[in-house]
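Q: Here it is: the structure, laid out below.
The values are calculated or read from the model by the stated rules, or taken from the named source; none is laboratory data. Only a predicted model underlies this, so the values are computations on that prediction, with no experimental measurement involved. Because the Cβ atoms are built from the backbone with ideal geometry, glycine has one as well, and the counts that use them run over all protein chains shown.
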Amino acid sequence: MPDHPQDDWTRPMPRTPRGSRRHDPDATERIPLPYVDRTDRDREDAWEHDAWQDRADERDDDPQQAWHGRDRHDEQDRAAGHERRDGRDRYTAPPPRRRRPRYALRRTAALLALGVVAYLVSMVVVVSLVWGSVNRIDATPDVADRPPVANGDNYLLVGTDSREALTDEQRGEFGTGFTEGHRADTVMLLHVPTFGEPTLVSLPRDSYVEIRDGGFNKLNAAHANGGPEQLVDTVERATGLPVDGYLEIGFGGFVDVVNGVGGVEMCLDEPIADEKAHIDLPAGCQELAGEQALGYVRMRYSDPRGDLGRMERQREFLSALVDRMLTPATVLVPWRLHDVGTATGSALSLGDDTSMLEAGRMAWAMRQVAAGEGNSVTVPVADTNYPTEVGSTVLWDEQGASQLFTALRQGQAITVEP
C-alpha cells in the first residue's frame, strides 16, 4: 500500500472506552483510517446498485414484501450494521423506480375491452328498440297454390296513398288531396338472388292483372279491396315468383322518414314544376326535404313519360334514400341509429313473416342497387293506355314480362333494358 500523509486520511473520532457503548464527547484523539482504493469504492457502489435492483424485483414478485417495502435481506443487513457511507440507512429510503410499461399496457387493454363491450351492448339495445318500433301487418295469403320456392328471395315494397298520418293543413300543403282510403300508389318487387346482383322491378299501379275471385282489374284494386294479403297473392299469380317479405309505407310516413335522415340529395338534369304535386325544383343537385321528396316521387302530369317516368324516379329516389340511411355515420353511431331507426320504424309496416334478417337483407340489396351494383327496371309494357271496362290501364308485354320473371326465378342474367 502506498504511503500517504496521515493528515489526509485521519479524522477526529470520539474515543469510547473498551466495553462501553457510551461516547466521550471530549475525546479528540485522531484515529487513523485504512486507505481505500477508489476503484474498490466504485465496484462496491455498483454491487449495492445491483443488489437493490434484485431486491426490488423480489418485492414485485411478492405482494406482501412489496407492501412492507423491505425483505428478509434488508433485515439481515440492518442487524449486521451495514449502512451507507453517508450515514443514511439505505434500506429505509430506496431509490424511486419507474413503473414498468406492461402495467400501463394491461390497463389500456382493459379499458379498450370495456369500451368495446359497452358499445356492443348499446348497439344491441338500440337495434332492439328500432325493431320494436316497426308496425306489423298480416301480408301472407291464405291460399294453397302459392308459387314454389325460387332462386333467392323476393320482397314486395308498397307505397300507399294513405293520408291518415297527415293533418288537413299538411294535405293541402303537400297536394295529396283529402281522399280517404288505402290504395297502393307504388308497387315494386325486389329480387335478391342467392348469388349475383339484386334486381328492383317496378310494377305499374294501373297494371291490368287478374285478381283471385275478382276477375281482371287494376293492380292497386287488389290492395284497396283485399289489403296486403290480396295484393301479395295477385303479384305472385302475375309474376310466378313467391313473395318472401312485405314492406309498406304511407304518405305521412314517407315524409317523416326523409326528414328523419336530414333530406336526400337528388341531381336533376332539368327543372321540374308540377302544380298538382306542389313541386317546383330547379335543375342541378339539391337536398330534398320530406314534402319536396313526396312531390318528386308522385309527380307525373308534367312528365312526358307519365307513369313510366314517375316509376323511374321512384326507384332512383328509394335507392338514394336507403343509401343515405345506411351511411356509417348513421349505422355505427348508437344515438344517431336510434333517432333515424325509430323514426323510420314507426313509419313502416312489415309483414308478420318478415324477420329482422330479411329486413336487413332487403335494405342491403337496396343499397347495392343505389351503388350501381344491381338492376333497376320496369316490367316490359305493351300499352300504357289500354282501354278496359275498369278504365285506362297499363298492359304488360306478355313475352317480355315472361322472360324477365323466368330469368329471376331461375337466377339468370337480366336482358330487359331499364
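Q: If you scan the range 209-251, which residues turn out to be charged (D, E, K, R) and outside any loop (DSSP other than H, G, I, E, B)? Working first, answer last.
A: Restricting attention to the range 209-251, the residues satisfying the condition of being charged (D, E, K, R) are 210, 212-213, 218, 229, 233, 236-237, 244, 248.
Of everything in the range 209-251, those that are charged (D, E, K, R) and outside any loop (DSSP other than H, G, I, E, B) turn out to be Glu210, Lys218, Glu229, Asp233, Glu236, Arg237, Glu248.
Q: Which condition breaks for Val340 when tested against (1) among the β-branched types (Val, Ile, Thr); (2) assigned to a helix (DSSP H, G or I); (3) touching a strand residue (DSSP E or B) at 6+ places or on another chain (Cβ under 9 Å)?
A: (3)
Conditions (1) farther than 15 Å from Val127 by Cβ; (2) among the polar types (S, T, N, Q), marked per residue:
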position	(1), (2)
Val331	no, no
Gly341	no, no
Thr344	no, yes
Glu373	yes, no
Pro380	yes, no
Ser392	yes, yes
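Q: Of the conditions (1) out of contact with any Pro (no Cβ under 9 Å at 6 or more places or on another chain); (2) under 25 Å from Val243 (Cα atoms); (3) buried (at least 18 other Cβ atoms within 10 Å of the Cβ); (4) not acidic (Asp, Glu), Met311 clears all except one; give me its number.
A: It is condition (1) that Met311 fails.
Q: If you go through the range 322-330 one residue at a time, do you hit one that is surrounded by 17 or more Cβ atoms within 10 Å (Cβ to Cβ) and farther than 27 Å from Gly253 by Cβ?
A: no
Q: A follow-up question, please. Given the condition outside any helix (DSSP H, G or I) and at positive phi, answer yes or no: does some residue in the range 289-296 qualify?
A: Going through the range 289-296, the residues outside any helix (DSSP H, G or I) turn out to be 289.
Subset that is at positive phi: none.
Among the residues of the range 289-296, not one is outside any helix (DSSP H, G or I) and at positive phi, which makes the answer no.
Q: Kindly list the number of the only condition in (1) surrounded by fewer than 20 Cβ atoms within 10 Å (Cβ to Cβ); (2) without any contact (Cβ under 8 Å) to a residue 60 or more places away in the chain that fails for Pro242.
A: If we test Pro242 against (1) surrounded by fewer than 20 Cβ atoms within 10 Å (Cβ to Cβ); (2) without any contact (Cβ under 8 Å) to a residue 60 or more places away in the chain, just (2) comes out false.
Q: Out of Val143, Val158, report the one residue that is β-branched (Val, Ile, Thr), closer than 24 Å to Leu231 by Cβ, at pLDDT 85 or above and touching a Ser or Thr at 6+ places or on another chain (Cβ under 8 Å).
A: Every option except Val158 fails the conditions.
Q: Given the criterion surrounded by 15 or more Cβ atoms within 10 Å (Cβ to Cβ), more than 22 Å from the chain's Cα centre (by Cα), under 28 Å from Asp383 (Cα atoms) and aromatic (Phe, Trp, Tyr), identify the matching residue among Tyr296, Tyr301. Write out each step before concluding.
A: Values: Tyr301 fails: surrounded by 15 or more Cβ atoms within 10 Å (Cβ to Cβ).
The conditions single out Tyr296.
Q: May I pose another question? Could you say which residue among Glu248, Glu270, Glu265 is within 19 Å of Thr344 (Cβ to Cβ) and exposed (fewer than 14 other Cβ atoms within 10 Å of the Cβ)?
A: On inspection, the qualifying residue turns out to be Glu265.
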